[in-house]
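> Once you've had a glance at the structure underneath, I'll fire off some questions.
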């Protein structure tokens, strides 16, 4: 009996069994993706709690790959050319499983904003909008750091020695990372002082626009020209920041000149009508409304207007301002009060010379 042929037949049989097991798990993966995942997700979406559906979506891709890894592991047990009992194989297998779990938690941390918003609504934690992406990135960093630590320990490396080795080069690292550290602590200052939040319209000496995101290194601001400007946190934390979105009301102030030919009683009536109109307008703050005859200008009698709109939104503010300007024009036109062009009147005085004065021969 030829034992080599028998052994070859056994190896071939085991190889087919191993491949069959792997293909079976691939089929399970496809069934999971097509039917089971959708059915469970549909069921979770009907629940009042969004957290479980977020977890399920976050772990979808890792679970798909987990079917492949498990299928490869059990298939390899029958495959004659792979020794699953070897320490290196087990270390690589466990490290891949750890990486898949990390992947799922990493995805979940990106939807951490959903959890934070829910905490804000249900528990009144009042987490600032600018803090949510920062916390999400911090959680991601912690997840990756823990995963990396577990994996290198799996391969027999001493994490304490690794950290000690980092400590030896800490001075050089600190010198090389001074700007990064400045930006990091600048971001901490911005978060705790909260001069602005995500979506606020801010003005600094560097840029003006709407805040879109804040990271460990920088803050992203969308300008009104739709350009995205990235400002280092160390720069932003040391600049004067005007937060226009924090305005409770928006100011309108201007001067308007009327003709010098306007009688005093008519001018007083116009001022009274305009002030009364502003006091009754629903879009104007009632607290501060000034309409006064302010001064005698070079070519007109100058009226001074100072009041505030209730809205701070730029477009709505312009609409209110335009409507008020038209209303003022109507009042002036109804009362026959003109708005003059800037003019100057030049008086030329001529002096007639006496007869015979400065004539030759006359003494």
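Throughout, read-outs are computed from the coordinates displayed, never taken from laboratory work. If you're wondering where the values come from, they're calculated on a predicted model, not measured in any experiment. Counting neighbours? That spans all protein chains shown, and the Cβs are built from the backbone with ideal geometry, glycine included.
> Give me the tail of P(r) for the range 247-335 as a percent: Cα-Cα pairs with distance above 20 Å.
More than 20 Å apart: 34 percent of the Cα pairs in the range 247-335.
> Here's a follow-up. Could you work out the per residue convex hull volume over the alpha carbons of the range 196-245, in cubic angstrom?
Residue-normalised Cα hull volume stands at 64 Å³.
> Once the piece of chain linking residue 287 and residue 42 is laid out straight, how much longer is it, given 0.36 nm per residue of separation minus the C-alpha distance between them?
Taking 0.36 nm per residue and subtracting the Cα distance, the gain is 82.8 nm.
> With r defined as the distance between the Cβ atoms of residue 295 and residue 223 and R0 fixed at 30 Å, what FRET efficiency is calculated, to the nearest 0.05?
0.15
> Turning to a different aspect of this structure: What's the FRET efficiency of residue 259 with residue 323 using the Cβ-Cβ distance as r and R₀ = 25 Å, to the nearest 0.05?
Efficiency, from the Cβ-Cβ distance: 0.55.
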